[in-house]
1. Short version: ³J(HN,Hα) in whole Hz for each residue of the stretch B:36-44, in order, from phi by Karplus 6.51 cos²θ - 1.76 cosθ + 1.60 (θ = phi - 60°), x for Gly and Pro, what are they?
2. Which of rounded, prolate, oblate describes the stretch B:141-200, given a ≥ b ≥ c as roots of the alpha-carbon gyration tensor eigenvalues and a/c under 1.5 marking rounded, otherwise prolate only if a/b is larger than b/c?
3. Under a 5 Å amide H to amide H cut-off, with H placed in plane at 1.01 Å, what residues pair with B:GLU27 once short-range neighbours are removed?
4. Between B:TYR253 and A:ALA97, how high is the FRET efficiency from 1/(1 + (r/R0)^6) when r is the Cβ-Cβ distance and R₀ = 51 Å? Nearest 0.05.
5. For A:LEU36 and A:ILE126 in the same chain, what is the full-extension length gain: residue separation times 0.36 nm, less their Cα-Cα distance, in nm?
6. Considering Cα pairs under 8 angstrom that are at least six residues apart, work out the relative contact order of chain B and quote it in whole percent.
7. Given charges of +1 on the Cβ of Lys and Arg and -1 on the Cβ of Asp and Glu, with all other atoms neutral, how large is the dipole of the protein assembly as shown about its Cα centre, in debye to the nearest 20?
8. How many angstrom separate the Cα center of the stretch B:108-174 from the Cα center of the stretch B:87-101?
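Only the coordinates and a few stated rules stand behind these numbers; no lab work does. Since this is a predicted model, take the numbers as computed values, not measurements. Cβ atoms come from the backbone with ideal geometry, glycine included; neighbour counts cover every protein chain shown.
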Amino acid sequence: MVREMEEAFEEEVENMLTHLKELELSSRCLEPFYELFEKPEEYILRMDIPGADRDKIEVRGRGRIISIYAPCNYSVPYRDGVRTCATCYRLEVELPADASWEGARQRYKEGVLEIRIPRSVKEYRIKIE
Amino acid sequence: MSGSVAPYVFEKKRVEQGAPVIEGLPEVGLVGTITAAYIASSLGGDAVGYIEIPDLPPIVTVFESRILEPCRLYSVSVEQRKLLLLYSDVPVPPRSMWSIANSVTEIASTIKSPVISVGGIPEPDRLDIEKPKVYVLSNDEELVRMALATDYVQRFENGYLTGVKAAILKSAAKRDVRVLLALVQSHMNYPDPGAAAEVVTFLNKLLGMSIPVAPLLEQAEQLKMQMRDLMRRTSTNLSKMPIGLQLESPPGYIK
């Protein structure tokens, strides 16, 4: 029973990976690996975009959606020696409701883009009597 | 499960007795994979065998029109000594980790060699760290002493290890194989050539080699692109493991 569930899960994951790869190859646009960390005072969105053109990275915020577009020169060896190329990374992430664009900042280091977005709701300290 | 051995083949005549086995299977930050691939490609390694990964459907790797097993053993000559490198193009499924670990220690036992298992240890603040630390752990005090004598590493004191490396340590105890783990602070879900460079530097000092690290750092972005698909599959694999344990501290009340 457990083995069957594992196999069903693995099949789903394999389908998802295949679909993602097909999409990347046909659109020539890569979805970066990313992580979103929640800290008391800010959110940290980090993504791996090796080969991106640092000066052309666009980060936009609209509502709760943060969009990242980064032109890149991505090429790796592929079947007939011709290289498969992608022209950009593109990512959209929905942030929690208290994310505030004011004061947001970013840095790009060793192929990793990090965006820090402050949280608008401040925490109040309640004294213990 | 923990006693099974994955089928393996290697040309014993082409492998030197006592040559350290460098295990670099895909895990955190693909540090082991990058390290093994870089050493093999820098020094021109010869494929001398392979391990079949159970629980995988039939897969072969095609590279420059050559048909290869995905999980391969390379013999590498460096400055009058030999190394045996274990490298894989595909991640090891969690279900196969015990049997792969048993194969690694059985091979090491056959050629009377120590295993040097290299990899990453997840570090959430990796982006702020210019020079990641390398931690060592061994089941043999002499190996730890040699590693610490390089003045380049620290002893791994408290924490958890999961995955193939934990399985290798346990398996080695049954076969009386000496194992040295070298784990470097690394990105968890992104390929980390910078962390791999630290491991290569440590291996240089430990084994008296002089493999240049600069070309690895120069190729870092290209390597990250080439390893992207493997990283995605490895991360999917790691999500089935208690990888978060590697960020936790053991309770530590009882020795």
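1. 5, 5, 5, 5, 5, 6, 5, 9, x
2. In terms of gyration-tensor shape, oblate.
3. Here B:GLY32, B:THR33 satisfy the definition.
4. 0.75
5. Numbers: separation 90, 0.36 × 90 = 32.40 nm, distance 2.84 nm.
Gain in length upon complete extension: 29.6 nm.
6. 25 percent
7. That gives the protein assembly as shown a dipole magnitude of about 620 debye.
8. Taking the Cα centre of the stretch B:87-101 as reference, the centre of the stretch B:108-174 is 18 Å away.
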